[in-house]
Amino acid sequence: MSKTILVVDDSASIRQVVGIALRGAGYTVLEAVDGRDALAKLDGQKINLVISDVNMPNMDGISFVKEMKQKPNYKFTPVIMLTTEGAEEKKKEGQAAGAKAWVVKPFKPEQMLQAVSMLIN
Amino acid sequence: MSTTDLPDDLPPSGAIASKILTLSLAFVGITLVGLLLLFVTISSLWIKALLGLFLVVGLLMGGWACWDLRQLPQSLDRAQTSIAALNRLQRQEQQVLRNHLKLLTELLPLWQRQTELARTQLEDSITDLVNRFVEINERLQAAVAASRNTAGDMAGERGLAGVMSFADSELGQMVDTLSHAIEHRDQLLKEIAALSEITDELRSMGAEVAGIASQTNLLALNAAIEAARAGEFGRGFAVVADEVRTLSSRSGETGSRIGKRIEQANSTLQKTLERTGEFAQQDDERLARSTSAVREVLQQFRQSGDRILDSAHSLEQTSAQVQHNVEEIIVGLQFQDRVGQMLSHVVQDMQKLTQTLDQQRNQILQGEAVDAIDIDEWMRAIKRTYTTLEQVAVHQGDLHKKAASHSEITFF
């Protein structure tokens, strides 16, 4: 059974690009348009890894990861932040929230898949 | 922000000059009178001399002042003209300022909406493009897979090459079978030819039988003669000799018929052999042509198969290359996200400026004091909203900073 990855980004094109790479590698992909939508998608699902943008409307990525980590089922679920933010302060915020990796856009699918493979296994 | 207009309703410069002249003359006159009284009342010569000097100097200065005051009206006129010009300038500035404020108040929301529209359209178009490229990518994947399978099938045992090999083997076996059949036929013909030799022997045997019959007939005739010579005693022998002669005649006839039949059979056999030889030659030619045709057809099939395989392989490689390029394009379209965020920041800042200008205009209309915008703080606030390094670079005046073209991954 393939592993499930939740992709959270307000940009439909980015969700598509990430989705292509992941589906091509055999993963099942779920999509959410912001942090709030992502929290709703967590319930009733078995999600093995989360890839989240940082700057999003309604609920940003850092807040979402913090909320997600409060849930017992997702306390140890690995998170990759995928963002245009390259500042060290932001990275530290992401790390403090519980993210395991920080990918600055634009990303190369093979590198993303490498990071996913490393964290999901 | 507060403004104070200079008064435009100043008194005429002539009246001011007269007033100043009158006041000055009165002051000088009073002073001179005072000095004159002192001059009269004081007895000291030195002091009188000093006072006299003062009086003379005072008179001279008064005269000079009066002379100078004559030019005062022109100076006042010039001052008044300057003040009026300043007032006009200030009113113009205020008018321009109000105009700019009004323009900005109306223009900024418009820019904001237009920029937001551009951002939305960009996002929609890029998303649409990504979807189309995804479709192309999926179709290419399917095409590459199909091409690979086809090429695999063609190259495999059940593929075109396998079919060719099978056809080659089967047709080769068929040609061999035909060759063997022709060999058997040739052998049969040889045996029939050998049979022809036997008919020759039979013909000579028939002739020999006819000869024996003739000699027997002659012998029987001699026996009949000897029997007749023996008289009554040879009568029985004469009957036997007659029967032998009859038998020899029949044997001779039979031998002759056998010879004729053998001749007929031999003639038929020769004709058959000749016809069969002609057919065999034709069969040999047909077999040679068929073998050549089969080899040629197989060769053409093989060449066509090789071309199809090469074409399928080339198609597969090209499709894979196109697929790779499409994937790169899809990755390249990520720029939309960066551009979208930059435009969002501009829109947010426009919104902030619109609100600030509205607030200041209301304060002006209500006569309240207006605080100046802290431009440095504003700039710092903009900088804090940036998410990309090139935004920061542009903010600092570096217009040539480009976005990173590759991923940057940090593991925690």
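Among B:A65, B:T254, B:T354, whose Cα lies farthest out toward the positive end of the dipole of the protein assembly as shown, if unit charges sit on the beta carbon of Lys, Arg (+1) and Asp, Glu (-1)?
B:A65
Using a simple charge model, +1 on the beta-carbon of Lys and Arg, -1 on the beta-carbon of Asp and Glu, nothing else, what dipole does the protein assembly as shown show about its Cα centre, in debye to the nearest 20? Don't jump to the answer; show the numbers that get you there.
Values: 55 positive and 67 negative charges, 420 e Å.
Approximately 2020 debye in magnitude.
What ranking of B:T216, B:T246, B:T105 emerges when the number of other C-beta atoms within 10 Å of each C-beta is taken as an exposure proxy, fewest first?
Numbers: B:T216 18, B:T246 12, B:T105 15.
Least crowded to most crowded, the residues run B:T246, B:T105, B:T216.
If contacts are Cα pairs under 8 angstrom and at least 6 residues apart, what is the relative contact order of chain B in percent? Provide the component values of the computation, followed by the final result.
Details: 244 pairs, mean separation 97.4, N = 412.
Once divided by the residue count of chain B, the mean separation gives 24 percent.
Counting partner chain Cβ atoms within 10 Å of every residue's Cβ in A:94-106, what's the average?
Working: counts 2, 3, 1, 0, 1, 3, 2, 4, 5, 5, 10, 12, 13.
Taking all residues of A:94-106 together, the mean is 5.
For chain B, with only Lys/Arg (+1) and Asp/Glu (-1) charged at the beta-carbon, what is the dipole magnitude about the Cα centre, in debye rounded to 20? Numbers along the way, then the final one.
On the way: 39 positive and 53 negative charges, 431 e Å.
So the dipole magnitude of chain B works out to roughly 2060 debye.
Could I have the simple spin-label model distance between B:Q300 and B:L35, label points 7 Å from Cα toward Cβ, reported in nm to one decimal?
Here the modelled spin labels are 14.2 nm apart.
Run the numbers on the stretch A:4-120 and let me know its relative contact order in percent, using alpha-carbon pairs under 8 Å that are six or more apart. Numbers along the way, then the final one.
Numbers: 191 pairs, mean separation 28.3, N = 117.
Contact order relative to length: 24 percent.
With r defined as the distance between the Cβ atoms of A:F76 and B:R289 and R0 fixed at 56 Å, what FRET efficiency is calculated, to the nearest 0.05? Mind dumping the intermediate values first?
Details: r = 80 Å, r/R0 = 1.44.
Efficiency, rounded to the nearest 0.05: 0.10.
Summarise the partner chain shielding of B:118-128 as one whole number: the mean count of Cβ atoms from other chains within 10 Å of each residue's Cβ.
Numbers: counts 0, 0, 0, 0, 1, 4, 2, 1, 5, 6, 2.
Going residue by residue through B:118-128 and averaging, the value is 2.
Of all chymotrypsin sites (Phe, Trp or Tyr not before Pro) in the stretch A:50-121, which ones are in loop regions per DSSP and have a Cβ with at most 10 other Cβ atoms within 10 Å? Display every interim value, and only then the final one.
Details: sites: A:F64, A:Y74, A:F76, A:W102, A:F107; in loops: A:F76, A:F107.
Sparse-neighbourhood loop chymotrypsin sites (Phe, Trp or Tyr not before Pro): A:F76.
Please give the peptides B:271-278, B:344-351 ranked by average Cβ packing (other Cβ atoms within 10 Å per residue), highest first, as a rough proxy for protection.
On the way: B:271-278: 12.5, B:344-351: 16.5.
Descending packing order for the listed peptides: B:344-351, B:271-278.
Test of understanding: ordering B:M174, A:M59, A:M112, A:M1 by Cβ neighbours within 10 Å, fewest first, what list do you get?
Working: B:M174 13, A:M59 16, A:M112 23, A:M1 5.
Lowest count first: A:M1, B:M174, A:M59, A:M112.
Where both residues lie in the protein assembly as shown, what percent of DSSP beta bridges are antiparallel, nearest 5?
Details: 4 of 20 bridges.
Roughly 20 percent of the DSSP beta bridges within the protein assembly as shown come out antiparallel.
How crowded by other chains is B:329-337, given as the mean number of beta carbons from other chains within 10 Å of each beta carbon?
Details: counts 0, 6, 9, 2, 5, 10, 3, 4, 14.
Shielding by partners across B:329-337 averages 6.
Under unit Cβ charges (Lys, Arg +1; Asp, Glu -1), what dipole magnitude, rounded to 20 debye, does the stretch B:156-331 have relative to its Cα centre? Provide the component values of the computation, followed by the final result.
On the way: 18 positive and 28 negative charges, 251 e Å.
Dipole magnitude for the stretch B:156-331 comes out near 1200 debye.
Straight distance only, please: which lysines reach the Cα of A:K46 with their own Cα at less than 30 Å, same-chain residues fewer than 8 apart left out?
Excluding near neighbours in sequence, the set is A:K3, A:K66, A:K69, A:K71, A:K75, A:K90, A:K91, A:K92, A:K100, A:K105, A:K108.
In the protein assembly as shown, if the dipole is taken from +1 on Lys/Arg beta carbons and -1 on Asp/Glu beta carbons about the Cα centre, which of B:A265, A:L30, B:Q74 is farthest to the positive end?
Sorting the options by dipole projection puts first B:Q74.
Tell me, what HN-Hα J-couplings in whole Hz come from the Karplus equation 6.51 cos²θ - 1.76 cosθ + 1.60 at θ = phi - 60° for each residue of the stretch B:357-374, using x for Gly and Pro?
So the J values, rounded to whole Hz, are 5, 4, 4, 5, 5, 4, 4, 5, 5, 8, x, 7, 5, 10, 7, 5, 6, 7.
Whole-Hz Karplus ³J(HN,Hα) for the stretch B:259-268, in order, using 6.51 cos²θ - 1.76 cosθ + 1.60 and θ = phi - 60°, x for Gly and Pro?
x, 5, 4, 4, 5, 4, 4, 5, 4, 4
Assuming R0 = 25 Å, what is the FRET efficiency of A:N121 and A:E88, from their Cβ-Cβ distance, to the nearest 0.05? Show your work: numbers first, answer last.
Numbers: r = 28 Å, r/R0 = 1.13.
For A:N121 and A:E88, the calculated efficiency is 0.35.
Could you sort B:40-51, B:249-260, A:41-52 so that the peptide with the highest average Cβ count within 10 Å comes first and the rest follow in order? Show your work: numbers first, answer last.
Details: B:40-51: 11.1, B:249-260: 15.4, A:41-52: 17.6.
The packing order, highest mean first, is A:41-52, B:249-260, B:40-51.
Only the coordinates and a few stated rules stand behind these numbers; no lab work does. Keep in mind it's a predicted model, so treat the numbers as computed, not measured. Every residue, glycine among them, receives a Cβ derived from its backbone with ideal geometry; neighbour counts consider all protein chains shown.
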